[in-house]
Amino acid sequence: DQQVKQNSPSLSVQEGRISILNCDYTNSMFDYFLWYKKYPAEGPTFLISISSIKDKNEDGRFTVFLNKSAKHLSLHIVPSQPGDSAVYFCAASGSQGAQKLVFGQGTRLTINP
Amino acid sequence: SQTIHQWPATLVQPVGSPLSLECTVEGTSNPNLYWYRQAAGRGLQLLFYSVGIGQISSEVPQNLSASRPQDRQFILSSKKLLLSDSGFYLCAGDKGVSSGNTEAFFGQGTRLTVV
């Protein structure tokens, strides 16, 4: 039962353009969402998060959008840079109960020069 | 800041041999701790979750087990490894959403190859 889904395993974007990574979730108890970036053979690093009381959070080139009714969130990177090439994981957590962090399958983003 | 030390970084083990991966946490107390596995071509799969000493939740049936003998120590074990156990194992921790600190912190991972 995949509660957090990233349906695009890979994405290629031209340098300077916008990268949009998508994530869907099924558990309505999730109310906190995070994006992580991962390079090969390293642990993920935190990028940006959003609480369910907001629909947008921005940090520099990274913006996360949350659509609660659609149970969908997206990460926008603009402008995309070669160093952004990595695997991006969407994660979700609930503020009640076990609060465990559940990850999506990841999307491999490649930025082409 | 919180830090997770995880070792070894790489490990090659024969089929049927035992496994013990350990991670320790610094910089915080009473964290939630997790073991994840990333198999080739797949995402991060949650294996085990612990909210405290001796408290382990298993997320997927498998021949692996986990233990938390101390607040800042989390161990992943197997009595007999299978070829399908190969993958990249990550130890992670967080303080839970209710603490106000929602970021998870990760170890550097262990690449396990079962031969």
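Being within 11 Å of chain B (Cβ to nearest Cβ), among the small types (Gly, Ala, Ser) and within 17 Å of A:Gly106 (Cα to Cα), is that true of even one residue in the range A:65-77? Can you show your working first?
Residues of the range A:65-77 within 11 Å of chain B (Cβ to nearest Cβ): none.
No, the conditions are met nowhere in the range A:65-77.
Provide a single number: the residues in the range B:75-92 that are farther than 18 Å from B:Ala39 by Cβ and either open to solvent by 50 Å² or more (accessible area, probe 1.4 Å) or within 14 Å of chain A (Cβ to nearest Cβ) (or both). Step through it out loud before you land on a result.
Going through the range B:75-92, the residues farther than 18 Å from B:Ala39 by Cβ turn out to be B:75, B:77, B:79-80.
Subsequent filtering for residues that are either open to solvent by 50 Å² or more (accessible area, probe 1.4 Å) or within 14 Å of chain A (Cβ to nearest Cβ) (or both) retains B:79-80.
Residues meeting the conditions: 2.
Return a yes/no flag: does the range A:84-93 have any residue that is farther than 27 Å from B:Ser57 by Cβ, modelled with pLDDT of 95 or more and of a type outside the set (Gly, Ala, Ser).
So far as the range A:84-93 goes, yes, one or more of its residues are farther than 27 Å from B:Ser57 by Cβ, modelled with pLDDT of 95 or more and of a type outside the set (Gly, Ala, Ser).
State which residue is farthest from the other protein chains (Cβ to nearest Cβ) when the search covers only the range A:24-47 and only residues that are open to solvent by 30 Å² or more (accessible area, probe 1.4 Å), in contact (Cβ under 8 Å) with a residue 60 or more places away in the chain and of a type outside the set (Asp, Glu).
A:Asn27
Which of (1) free of Cβ contacts under 8 Å to residues at least 24 places away in the same chain; (2) within 29 Å of A:Leu109 (Cβ to Cβ) does B:Gln2 not meet, given it meets every other one?
It is condition (1) that B:Gln2 fails.
Quick test of your reading of the structure: A:Tyr88 fulfils all but one of (1) over 19 Å from A:Gly16 (Cα atoms); (2) under 10 Å from the mean Cα position of the chain (by Cα). Name the failing condition by number.
(1)
Please give the strands (runs of 3 or more DSSP E) falling wholly within the range B:1-103 in which 3 or more residues are touching a Cys at 6+ places or on another chain (Cβ under 7 Å) and β-branched (Val, Ile, Thr). Reasoning before the result, please.
Details: elements: B:3-7, B:10-13, B:19-26, B:32-38, B:44-52, B:55-58, B:64-70, B:73-78, B:87-94.
Once the strands (runs of 3 or more DSSP E) in the range B:1-103 are filtered for at least 3 residues that are touching a Cys at 6+ places or on another chain (Cβ under 7 Å) and β-branched (Val, Ile, Thr), nothing remains.
I'd like to check something: does the range B:48-69 contain any residue that is among the hydroxyl-bearing types (Ser, Thr, Tyr) and farther than 23 Å from A:Gly104 by Cβ? Please lay out each step first, then the result.
In the first step, residues of the range B:48-69 are kept if they are among the hydroxyl-bearing types (Ser, Thr, Tyr); the result is B:49-50, B:57-58, B:65, B:67.
Pick out the ones that are also farther than 23 Å from A:Gly104 by Cβ and you get B:65, B:67.
Yes, that holds for at least one residue.
I'd like the residue in the range A:48-101 that is assigned to a loop (DSSP other than H, G, I, E, B) and hydrophobic (A, V, I, L, M, F, W, C) and, out of all such residues, is surrounded by the most Cβ atoms within 10 Å (Cβ to Cβ).
Going residue by residue through the range A:48-101, those that are assigned to a loop (DSSP other than H, G, I, E, B) are A:52-55, A:60-61, A:68-71, A:78-81, A:85, A:94-101.
If we keep only those that are hydrophobic (A, V, I, L, M, F, W, C) as well, we get A:53, A:70, A:78, A:98, A:101.
Values: A:Ile53: 9, A:Ala70: 9, A:Val78: 15, A:Ala98: 13, A:Leu101: 27.
Only one residue tops the list, namely A:Leu101.
Is the range B:21-35 home to any residue that is farther than 23 Å from A:Ala91 by Cα and within 12 Å of the chain's Cα centre (by Cα)?
The answer is yes; a qualifying residue exists.
The values are calculated or read from the model by the stated rules, or taken from the named source; none is laboratory data. Quick caveat, the model's predicted, so the values are computed rather than measured. Cβ coordinates were reconstructed from backbone atoms using ideal geometry, including for glycine residues, and neighbour counts include every protein chain displayed. Note: areas computed on protein heavy atoms with side chains; ligands, DNA, RNA excluded. Shrake-Rupley method; radii C 1.70, N 1.55, O 1.52, S 1.80 Å.
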